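Engineer: Have a look at the structure that comes next, please.
The values are calculated or read from the model by the stated rules, or taken from the named source; none is laboratory data. Here the structure is a predicted model, which means the values were calculated and not measured. Reconstructed Cβ throughout: ideal geometry from the backbone, glycine too, with neighbour counts over all protein chains shown. All accessible areas refer to the heavy atoms of the entire protein, side chains included, with ligands and DNA or RNA removed. Shrake-Rupley method; radii C 1.70, N 1.55, O 1.52, S 1.80 Å.
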Amino acid sequence: MKAKTPSVWPVATIKAIAPAKVNLTLHVTGQRDDGYHLLDSLVVFADVADQLGATVAPDMRITVNGPFSAGVPTDHTNLMMRAAETLRIGRGVTQGAALTLEKHLPHAAGIGSGSSDAAVTLAMLAELWGVPPLPATDPAVVALGADVPVCLRAPNPTRMSGIGDVLSPVNGLPGCALVLVRPPVEVPTTAVFKALPDKNGTAMTPLPAGLDFEGFARWLAKQRNDLQAPAEKIAPAITEVIAKLNSLPAVSLAGMSGSGATCFGLVKDMAAARQVARIVQVSQMGWWVAPAVVLPG
(Lines give C-alpha, C1' and ligand atoms only; values in the text may rest on other atoms or scores of the structure.)
Protein backbone atom coordinates (compact mmCIF):
# COMPACT_ATOMS: atom_id res chain seq x y z
CA MET A 1 0.00 0.00 0.00
CA LYS A 2 1.37 3.41 -0.92
CA ALA A 3 1.94 5.61 2.11
CA LYS A 4 -0.41 8.54 2.48
CA THR A 5 1.70 11.71 2.73
CA PRO A 6 -0.45 14.66 1.67
CA SER A 7 1.20 18.06 1.58
CA VAL A 8 -1.69 19.70 3.45
CA TRP A 9 -3.24 17.84 6.37
CA PRO A 10 -7.01 18.31 6.68
CA VAL A 11 -7.07 19.04 10.43
CA ALA A 12 -4.36 20.43 12.71
CA THR A 13 -5.78 19.63 16.16
CA ILE A 14 -8.65 17.50 17.42
CA LYS A 15 -10.12 17.15 20.90
CA ALA A 16 -12.52 14.43 22.00
CA ILE A 17 -13.87 12.64 25.05
CA ALA A 18 -13.64 8.92 25.79
CA PRO A 19 -16.68 7.90 27.87
CA ALA A 20 -16.78 5.19 30.51
CA LYS A 21 -17.99 1.83 29.23
CA VAL A 22 -20.32 -0.01 31.60
CA ASN A 23 -21.24 -3.69 31.30
CA LEU A 24 -24.76 -3.83 32.71
CA THR A 25 -24.65 -7.58 32.06
CA LEU A 26 -21.77 -9.95 31.36
CA HIS A 27 -22.61 -13.58 30.65
CA VAL A 28 -19.68 -15.93 30.00
CA THR A 29 -21.04 -18.46 27.49
CA GLY A 30 -17.97 -20.52 26.59
CA GLN A 31 -14.25 -20.64 26.01
CA ARG A 32 -12.46 -21.24 22.72
CA ASP A 33 -9.54 -23.61 22.27
CA ASP A 34 -7.20 -20.60 22.06
CA GLY A 35 -8.25 -19.51 25.55
CA TYR A 36 -10.46 -16.56 24.59
CA HIS A 37 -13.74 -16.43 26.48
CA LEU A 38 -17.09 -16.04 24.73
CA LEU A 39 -19.24 -13.28 26.17
CA ASP A 40 -22.75 -11.90 25.95
CA SER A 41 -22.98 -8.39 27.39
CA LEU A 42 -25.18 -5.32 27.35
CA VAL A 43 -22.81 -2.36 27.15
CA VAL A 44 -23.78 1.26 27.72
CA PHE A 45 -21.68 4.41 27.94
CA ALA A 46 -21.79 7.04 30.67
CA ASP A 47 -21.07 10.74 30.52
CA VAL A 48 -17.99 10.59 32.75
CA ALA A 49 -14.98 10.53 30.48
CA ASP A 50 -11.30 10.97 29.80
CA GLN A 51 -10.34 13.98 27.69
CA LEU A 52 -8.13 13.39 24.65
CA GLY A 53 -6.37 15.53 22.10
CA ALA A 54 -4.26 15.01 18.99
CA THR A 55 -2.11 17.42 17.01
CA VAL A 56 -0.15 16.75 13.82
CA ALA A 57 3.52 16.07 14.61
CA PRO A 58 6.51 14.50 12.84
CA ASP A 59 6.54 11.52 15.22
CA MET A 60 4.33 9.77 17.76
CA ARG A 61 4.31 10.94 21.38
CA ILE A 62 1.89 11.12 24.28
CA THR A 63 1.50 13.32 27.35
CA VAL A 64 -0.62 12.13 30.27
CA ASN A 65 -2.01 14.17 33.16
CA GLY A 66 -5.14 14.30 35.28
CA PRO A 67 -6.25 12.73 38.57
CA PHE A 68 -5.65 9.14 37.40
CA SER A 69 -2.45 9.71 35.41
CA ALA A 70 -0.25 7.81 37.87
CA GLY A 71 0.85 4.50 36.43
CA VAL A 72 -0.27 5.25 32.85
CA PRO A 73 2.69 4.50 30.53
CA THR A 74 3.85 7.07 27.99
CA ASP A 75 5.78 4.71 25.73
CA HIS A 76 4.74 2.23 23.04
CA THR A 77 2.98 0.05 25.61
CA ASN A 78 0.29 2.71 26.10
CA LEU A 79 -2.91 1.47 24.43
CA MET A 80 -3.45 4.82 22.71
CA MET A 81 0.02 4.58 21.18
CA ARG A 82 -0.67 1.00 20.11
CA ALA A 83 -3.94 2.11 18.52
CA ALA A 84 -2.12 4.90 16.68
CA GLU A 85 0.44 2.44 15.34
CA THR A 86 -2.35 0.07 14.28
CA LEU A 87 -3.96 2.84 12.23
CA ARG A 88 -0.63 4.00 10.77
CA ILE A 89 0.18 0.49 9.56
CA GLY A 90 -3.36 -0.25 8.43
CA ARG A 91 -3.65 2.95 6.39
CA GLY A 92 -0.02 3.44 5.38
CA VAL A 93 0.40 6.75 7.19
CA THR A 94 3.90 8.16 7.70
CA GLN A 95 2.95 11.30 9.63
CA GLY A 96 2.87 11.30 13.43
CA ALA A 97 0.81 12.96 16.14
CA ALA A 98 1.24 14.45 19.59
CA LEU A 99 -1.43 12.83 21.77
CA THR A 100 -2.69 14.17 25.08
CA LEU A 101 -4.65 12.26 27.68
CA GLU A 102 -6.32 13.88 30.68
CA LYS A 103 -7.15 10.84 32.79
CA HIS A 104 -10.39 11.23 34.77
CA LEU A 105 -11.41 7.55 34.77
CA PRO A 106 -9.65 4.98 36.94
CA HIS A 107 -7.77 2.42 34.90
CA ALA A 108 -7.95 -1.36 35.31
CA ALA A 109 -11.37 -0.80 36.85
CA GLY A 110 -13.84 -2.67 34.63
CA ILE A 111 -15.14 0.42 32.82
CA GLY A 112 -12.92 0.12 29.75
CA SER A 113 -11.17 3.45 30.17
CA GLY A 114 -8.03 2.33 28.32
CA SER A 115 -10.10 0.70 25.59
CA SER A 116 -12.29 3.78 25.24
CA ASP A 117 -9.15 5.92 24.98
CA ALA A 118 -7.81 3.62 22.26
CA ALA A 119 -11.08 3.64 20.31
CA VAL A 120 -11.28 7.43 20.39
CA THR A 121 -7.63 7.62 19.33
CA LEU A 122 -8.41 5.53 16.25
CA ALA A 123 -11.27 7.87 15.33
CA MET A 124 -9.35 11.08 16.09
CA LEU A 125 -6.29 10.09 14.11
CA ALA A 126 -8.31 8.91 11.12
CA GLU A 127 -9.75 12.43 10.95
CA LEU A 128 -6.43 14.10 11.74
CA TRP A 129 -4.58 12.17 9.04
CA GLY A 130 -7.42 12.21 6.53
CA VAL A 131 -7.69 8.44 6.15
CA PRO A 132 -10.67 6.07 6.36
CA PRO A 133 -11.27 4.81 9.91
CA LEU A 134 -10.64 1.16 10.70
CA PRO A 135 -13.89 -0.79 11.20
CA ALA A 136 -14.59 -2.37 14.57
CA THR A 137 -14.42 -5.80 12.95
CA ASP A 138 -10.88 -5.30 11.64
CA PRO A 139 -8.69 -8.07 13.17
CA ALA A 140 -6.06 -5.48 14.09
CA VAL A 141 -8.67 -3.56 16.11
CA VAL A 142 -9.89 -6.72 17.83
CA ALA A 143 -6.26 -7.54 18.66
CA LEU A 144 -6.00 -4.31 20.67
CA GLY A 145 -8.39 -5.75 23.26
CA ALA A 146 -11.85 -7.24 23.65
CA ASP A 147 -13.42 -3.91 24.63
CA VAL A 148 -11.93 -1.74 21.87
CA PRO A 149 -14.43 -2.75 19.13
CA VAL A 150 -17.47 -2.00 21.30
CA CYS A 151 -15.93 1.31 22.41
CA LEU A 152 -15.76 2.31 18.74
CA ARG A 153 -19.58 2.26 18.85
CA ALA A 154 -19.81 4.78 21.71
CA PRO A 155 -22.13 6.35 22.71
CA ASN A 156 -24.55 3.77 21.28
CA PRO A 157 -25.83 1.03 23.63
CA THR A 158 -24.60 -2.26 22.19
CA ARG A 159 -24.92 -5.98 22.70
CA MET A 160 -21.40 -7.41 22.61
CA SER A 161 -20.85 -11.10 22.02
CA GLY A 162 -18.27 -13.52 20.66
CA ILE A 163 -14.85 -12.48 21.97
CA GLY A 164 -15.98 -8.88 21.78
CA ASP A 165 -16.06 -8.79 18.00
CA VAL A 166 -19.78 -9.41 17.40
CA LEU A 167 -21.67 -6.17 17.95
CA SER A 168 -25.40 -5.52 17.65
CA PRO A 169 -27.26 -2.25 18.20
CA VAL A 170 -29.61 -1.99 21.17
CA ASN A 171 -32.43 0.45 20.60
CA GLY A 172 -35.09 1.88 22.84
CA LEU A 173 -33.46 1.76 26.25
CA PRO A 174 -35.31 4.06 28.66
CA GLY A 175 -33.56 7.14 29.97
CA CYS A 176 -31.66 6.39 33.16
CA ALA A 177 -28.57 7.23 35.14
CA LEU A 178 -25.85 5.42 37.08
CA VAL A 179 -23.78 5.94 40.16
CA LEU A 180 -20.34 4.48 39.49
CA VAL A 181 -18.35 3.43 42.55
CA ARG A 182 -14.88 1.95 42.67
CA PRO A 183 -13.26 0.94 45.94
CA PRO A 184 -9.45 1.28 46.07
CA VAL A 185 -8.73 -2.34 45.18
CA GLU A 186 -7.24 -4.07 42.14
CA VAL A 187 -8.91 -7.08 40.58
CA PRO A 188 -6.70 -8.72 37.92
CA THR A 189 -8.91 -9.81 35.02
CA THR A 190 -6.92 -13.00 34.47
CA ALA A 191 -7.39 -14.05 38.09
CA VAL A 192 -11.14 -13.39 37.92
CA PHE A 193 -11.61 -15.54 34.81
CA LYS A 194 -9.43 -18.27 36.34
CA ALA A 195 -11.65 -18.35 39.43
CA LEU A 196 -14.83 -18.65 37.37
CA PRO A 197 -16.21 -22.14 38.10
CA ASP A 198 -18.52 -22.41 35.08
CA LYS A 199 -17.49 -20.96 31.73
CA ASN A 200 -20.48 -22.23 29.78
CA GLY A 201 -23.33 -20.10 31.05
CA THR A 202 -26.52 -19.21 29.25
CA ALA A 203 -26.83 -16.11 27.09
CA MET A 204 -28.90 -13.06 28.00
CA THR A 205 -32.63 -13.36 27.65
CA PRO A 206 -34.10 -11.20 24.85
CA LEU A 207 -34.58 -7.55 25.75
CA PRO A 208 -38.27 -6.72 25.29
CA ALA A 209 -39.10 -3.66 23.21
CA GLY A 210 -40.67 -0.56 24.68
CA LEU A 211 -39.60 -1.02 28.29
CA ASP A 212 -40.02 1.85 30.73
CA PHE A 213 -37.43 2.35 33.48
CA GLU A 214 -39.11 -0.01 35.94
CA GLY A 215 -39.49 -2.71 33.28
CA PHE A 216 -35.87 -2.34 32.26
CA ALA A 217 -34.71 -2.66 35.87
CA ARG A 218 -36.80 -5.83 36.28
CA TRP A 219 -35.33 -7.33 33.11
CA LEU A 220 -31.82 -6.40 34.17
CA ALA A 221 -32.30 -8.03 37.58
CA LYS A 222 -32.83 -11.37 35.82
CA GLN A 223 -29.51 -11.16 33.96
CA ARG A 224 -26.00 -11.78 35.34
CA ASN A 225 -22.42 -10.70 35.56
CA ASP A 226 -20.73 -14.06 35.81
CA LEU A 227 -17.47 -12.43 36.90
CA GLN A 228 -18.97 -10.70 39.93
CA ALA A 229 -18.85 -13.67 42.34
CA PRO A 230 -15.20 -14.58 41.66
CA ALA A 231 -14.25 -10.89 41.79
CA GLU A 232 -15.95 -10.53 45.19
CA LYS A 233 -13.88 -13.44 46.52
CA ILE A 234 -10.69 -11.70 45.38
CA ALA A 235 -11.80 -8.26 46.58
CA PRO A 236 -14.51 -8.35 49.31
CA ALA A 237 -14.75 -4.56 49.10
CA ILE A 238 -16.87 -5.11 45.97
CA THR A 239 -19.47 -6.86 48.13
CA GLU A 240 -19.44 -3.88 50.48
CA VAL A 241 -20.00 -1.42 47.61
CA ILE A 242 -22.92 -3.39 46.16
CA ALA A 243 -24.52 -3.76 49.59
CA LYS A 244 -24.20 -0.02 50.19
CA LEU A 245 -25.81 0.82 46.85
CA ASN A 246 -28.61 -1.71 47.34
CA SER A 247 -29.39 -0.20 50.75
CA LEU A 248 -30.40 3.13 49.21
CA PRO A 249 -34.07 3.45 48.15
CA ALA A 250 -33.30 5.39 44.95
CA VAL A 251 -31.16 2.53 43.60
CA SER A 252 -33.24 0.04 41.61
CA LEU A 253 -30.38 -2.37 41.02
CA ALA A 254 -26.69 -2.64 41.87
CA GLY A 255 -24.05 -4.72 40.16
CA MET A 256 -20.46 -4.85 38.98
CA SER A 257 -19.16 -3.71 35.60
CA GLY A 258 -16.82 -5.94 33.61
CA SER A 259 -14.30 -7.79 35.74
CA GLY A 260 -14.40 -5.07 38.42
CA ALA A 261 -13.79 -3.40 40.65
CA THR A 262 -16.14 -0.59 39.56
CA CYS A 263 -19.75 -1.16 40.57
CA PHE A 264 -22.91 0.64 39.46
CA GLY A 265 -26.21 1.62 40.96
CA LEU A 266 -29.02 2.00 38.44
CA VAL A 267 -31.25 5.01 39.16
CA LYS A 268 -34.05 6.75 37.31
CA ASP A 269 -32.42 10.10 36.58
CA MET A 270 -29.46 12.36 37.24
CA ALA A 271 -31.07 14.02 40.26
CA ALA A 272 -31.29 10.63 41.97
CA ALA A 273 -27.75 9.79 40.86
CA ARG A 274 -26.35 12.95 42.46
CA GLN A 275 -28.25 12.27 45.69
CA VAL A 276 -27.01 8.69 45.90
CA ALA A 277 -23.45 9.72 45.01
CA ARG A 278 -23.37 12.26 47.85
CA ILE A 279 -24.55 9.66 50.38
CA VAL A 280 -22.01 7.08 49.23
CA GLN A 281 -19.11 9.52 49.07
CA VAL A 282 -19.75 10.84 52.59
CA SER A 283 -19.87 7.30 53.97
CA GLN A 284 -16.67 6.19 52.22
CA MET A 285 -14.31 9.00 51.33
CA GLY A 286 -11.76 6.56 49.91
CA TRP A 287 -14.06 5.33 47.16
CA TRP A 288 -14.18 6.87 43.68
CA VAL A 289 -17.81 7.91 43.16
CA ALA A 290 -19.27 9.42 39.99
CA PRO A 291 -22.92 10.12 39.09
CA ALA A 292 -23.50 9.80 35.36
CA VAL A 293 -26.21 9.85 32.72
CA VAL A 294 -26.45 6.78 30.48
CA LEU A 295 -25.76 8.15 27.00
CA PRO A 296 -28.68 7.50 24.65
CA GLY A 297 -26.67 6.95 21.48
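Engineer: Which condition number does Thr262 fail, the rest of (1) under 20 Å from Asp40 (Cα atoms); (2) surrounded by fewer than 17 Cβ atoms within 10 Å (Cβ to Cβ); (3) of a type in the set (Val, Ile, Thr) being met?
Structural biologist: (2)
Engineer: Looking at this structure, is Val56 modelled with pLDDT under 95, surrounded by 14 or more Cβ atoms within 10 Å (Cβ to Cβ) and either under 21 Å from the mean Cα position of the chain (by Cα) or outside any loop (DSSP other than H, G, I, E, B) (or both)? Walk me through how you get there before you give the answer.
Structural biologist: On the way: modelled with pLDDT under 95: yes; surrounded by 14 or more Cβ atoms within 10 Å (Cβ to Cβ): yes; either under 21 Å from the mean Cα position of the chain (by Cα) or outside any loop (DSSP other than H, G, I, E, B) (or both): yes.
The answer is yes for Val56.
Engineer: Quick one: is Ala229 among the small types (Gly, Ala, Ser), modelled with pLDDT of 95 or more, open to solvent by 40 Å² or more (accessible area, probe 1.4 Å) and within 22 Å of Gly112 (Cα to Cα)? Outline the logic, then answer.
Structural biologist: Values: among the small types (Gly, Ala, Ser): yes; modelled with pLDDT of 95 or more: yes; open to solvent by 40 Å² or more (accessible area, probe 1.4 Å): yes; within 22 Å of Gly112 (Cα to Cα): yes.
So Ala229 passes the test.
Engineer: Taking segment 139-157, which residues are in contact (Cβ under 8 Å) with a residue 60 or more places away in the chain and open to solvent by less than 30 Å² (accessible area, probe 1.4 Å)?
Structural biologist: Result: Leu144, Gly145, Val148, Val150, Cys151, Pro157.
Engineer: Let me ask something else about it. I'm told Thr86 meets every condition in (1) in contact with a strand residue (DSSP E or B) (Cβ under 8 Å, 6 or more places away or on another chain); (2) surrounded by 16 or more Cβ atoms within 10 Å (Cβ to Cβ); (3) of a type in the set (S, T, N, Q) except one. Can you identify the failing condition by its number?
Structural biologist: It is condition (1) that Thr86 fails.
Engineer: Also, quick follow-up: Restricting attention to segment 71-81, does a residue exist that is touching a Leu at 6+ places or on another chain (Cβ under 6 Å), open to solvent by less than 70 Å² (accessible area, probe 1.4 Å) and closer than 13 Å to Gly145 by Cβ? I'd like the intermediate steps shown before the answer.
Structural biologist: The first filter runs over segment 71-81 and keeps only residues touching a Leu at 6+ places or on another chain (Cβ under 6 Å), leaving 80.
Pick out the ones that are also open to solvent by less than 70 Å² (accessible area, probe 1.4 Å) and you get 80.
Right, trim to closer than 13 Å to Gly145 by Cβ and you get 80.
Yes.
Engineer: Residue by residue through segment 273-293, note down the ones that are open to solvent by 20 Å² or more (accessible area, probe 1.4 Å) and of a type in the set (A, V, I, L, M).
Structural biologist: Within segment 273-293, Ile279, Val282, Met285, Val289, Val293 meet the criteria.
Engineer: Out of the residues in segment 158-179 that are in a loop (DSSP other than H, G, I, E, B) and modelled with pLDDT of 95 or more, state the one that is surrounded by the fewest Cβ atoms within 10 Å (Cβ to Cβ).
Structural biologist: Here is the first cut: in segment 158-179, the residues in a loop (DSSP other than H, G, I, E, B) are 163-165, 170-176.
Checking the rest, the ones that are also modelled with pLDDT of 95 or more come to 170, 173-176.
Numbers: Val170: 16, Leu173: 17, Pro174: 15, Gly175: 13, Cys176: 22.
Out of the qualifying residues, it is Gly175.
Engineer: Which helices (runs of 4 or more DSSP H) does segment 180-297 wholly contain that include 2 or more residues that are closer than 22 Å to Pro67 by Cα and basic (Lys, Arg)? Full working, then the answer.
Structural biologist: Values: elements: 189-194, 213-221, 228-234, 237-246, 270-283.
Output list reads 270-283.
Engineer: Still on this structure, please answer the following. Being β-branched (Val, Ile, Thr) and over 30 Å from Val289 (Cα atoms) is true for just one of Val150, Val181, Val170, Val166. Which residue is that? Before the answer, list the steps.
Structural biologist: Numbers: Val150 fails: over 30 Å from Val289 (Cα atoms); Val181 fails: over 30 Å from Val289 (Cα atoms); Val170 fails: over 30 Å from Val289 (Cα atoms).
The match here is Val166.
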